[in-house]
Amino acid sequence: QVQLVESGGGLVQAGDSLRLSCTASGRTFSRWPMGWFRQAPGKERESVAQINWNGLTTYYADSVRGRFTISRDNAKNTVDLQMNNLKPDDTAVYYCAASTLLQSQWPRSTMNYWGKGTLVNVSS
């Protein structure tokens, strides 16, 4: 059974930092892109950051570029999201995702593996 398990969420104040981690089990994603998405209350899920299989190509949403950094360790089957200078607008459930679908566009529009999410709550 393939699982993506997120950790590292919590309640922080504006300006603080958090590091989210995602560990995959059941299969390796070392040759596939992975990413982090988020969904805030009353809003649609959005792509926050994505990273290609070797880590050389990344994507960041405009709202987080310069504050968030995505990284991966293929040996450990993990992908992390370092979030600095958090803002109340970053409050959301953050999901780890991976795509083994054959897609040409970047960032990927469809992910076929998802974690259950971890809540990040940023107070002002």
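Taken together, the residues in segment 84-120 that are small (G, A, S) and outside any loop (DSSP other than H, G, I, E, B) amount to 3.
Residues that are in contact (Cβ under 8 Å) with a residue 40 or more places away in the chain and part of a strand (DSSP E or B) were ranked within segment 72-83; the one that is farthest from L4 (Cα to Cα) is M83.
Here T100 meets the list (1) open to solvent by less than 60 Å² (accessible area, probe 1.4 Å); (2) over 17 Å from C22 (Cβ atoms); (3) more than 14 Å from the chain's Cα centre (by Cα) almost entirely, failing just condition (2).
None of Q1, Q39 is within 24 Å of N121 (Cβ to Cβ) and either surrounded by 14 or more Cβ atoms within 10 Å (Cβ to Cβ) or touching a residue at least 12 places away in the same chain (Cβ under 8 Å) (or both) except Q39.
Scanning segment 84-103 for residues that are closer than 24 Å to S25 by Cα and in contact with an Asp or Glu (Cβ under 8 Å, 6 or more places away or on another chain) yields Y94, Y95, C96.
Residues of segment 115-124 that are out of contact with any helix residue (DSSP H, G or I) (no Cβ under 8 Å at 6 or more places or on another chain) and surrounded by 14 or more Cβ atoms within 10 Å (Cβ to Cβ): G115, G117, T118, N121. For R31, the conditions (1) open to solvent by less than 70 Å² (accessible area, probe 1.4 Å); (2) closer than 24 Å to A75 by Cβ are fulfilled apart from (1). Per the listing L20, L11, the residue uniquely open to solvent by less than 40 Å² (accessible area, probe 1.4 Å) and farther than 15 Å from T100 by Cα is L20. Residues that are of a type in the set (D, E, K, R) and surrounded by 11 or more Cβ atoms within 10 Å (Cβ to Cβ) within segment 42-54 comprise R45, E46, listed in sequence order.
The values are calculated or read from the model by the stated rules, or taken from the named source; none is laboratory data. Because the structure is a prediction, the values reported are computed rather than measured. So basically every Cβ, Gly included, is an ideal-geometry build from the backbone, and we count neighbours across all protein chains shown. These area figures cover heavy atoms from the full protein model, side chains too; ligands, DNA and RNA do not enter into them. Shrake-Rupley method; radii C 1.70, N 1.55, O 1.52, S 1.80 Å.
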